1. Over chain A, what number does the Rg to Rh ratio reach, with both radii from the alpha-carbon atoms and Rh per Kirkwood?
2. So, how do all the Cα-to-Cα distances of chain B break down into 5 Å bins, in percent, from 0 on up?
3. Antiparallel as a % of all DSSP beta bridges within the protein assembly as shown, to the nearest 5?
4. To make sure I understand, if each residue's beta carbon is the centre and we count other beta carbons within 10 Å, what order do B:12, B:88 fall in, fewest to most?
5. First obtain the Kirkwood hydrodynamic radius of the protein assembly as shown from its Cα pairs, then insert it into the Stokes-Einstein equation at 25 °C and 0.890 mPa s, and state the resulting D in µm² per second as a whole number.
6. Normalised by the number of residues in chain B, what is the relative contact order in percent for Cα pairs under 8 Å and 6+ residues apart?
7. Using Cα pairs closer than 8 Å and at least 6 residues apart in sequence, work out the relative contact order for chain A, in percent.
8. Between the range A:24-94 and the range B:89-114, what is the C-alpha centre distance in whole Å?
């Protein structure tokens, strides 16, 4: 079945730093790709998604581009804030399968 | 507002007791899911259901049971057979196996076995 590998955390950054969280996947065909965010003590929320190659998903200053040639969907943000501290999950979703969630990457942003 | 509700938010159980976690959605989704999350870990699928009166085991179904008598509701019972039930439990719903749309998650129930 499909699988996903995420950058291990925790990632600690200072406010206004540039963020990259790497995500690569293994899948047959062309899955849609999702990033979810989980704030402390809460459920997961959709952050952004891309449904085909070269699509860029974006939301709240975060971006990720669907790179089919490298099977990657890296999450980036130009200037992080303390409020971005959370756990981020990469998740491919393929035809005929359930979602596959990565292990999550914890981000801590210091003021 | 459409969404998923889970109750209770915190639940304490004595060893040897069964306990049921509630999950309700008003998104008109056919599919519903239960996940378990341990500290610092990702999500593991317990059970899922694509339609009323039907459900399938996920990766870690042992010690758990579910029912799907109504489209809106998918309760999870943690039985005494579950050896290490202390965890954060998340319910989700979606259009069944639609690759273009997301799963929606509830706020979670934190279960602690005393």
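1. Values: Rg = 13.4 Å, Rh = 13.9 Å.
That ratio is 0.96, to two decimals.
2. 2, 13, 24, 26, 19, 10, 4, 1, 0
3. On the way: 65 of 73 bridges.
Roughly 90 percent of the DSSP beta bridges within the protein assembly as shown come out antiparallel.
4. Working: B:12 13, B:88 19.
Least crowded to most crowded, the residues run B:12, B:88.
5. Numbers: Rh = 18.1 Å.
It comes out at roughly 136 µm²/s.
6. On the way: 290 pairs, mean separation 39.6, N = 114.
Over chain B, the number comes to 35 percent.
7. On the way: 291 pairs, mean separation 40.8, N = 111.
Relative CO of chain A lands at 37 percent.
8. Taking the Cα centre of each part, the range A:24-94 and the range B:89-114 sit 17 Å apart.
Read the figures in this text as sums done on the coordinates, not as results from a lab. Here the structure is a predicted model, which is why all the values come from computation and not from measurement. When we count neighbours, we look across all protein chains shown, and the Cβ atoms used for this are built from the backbone with ideal geometry, even at glycine.
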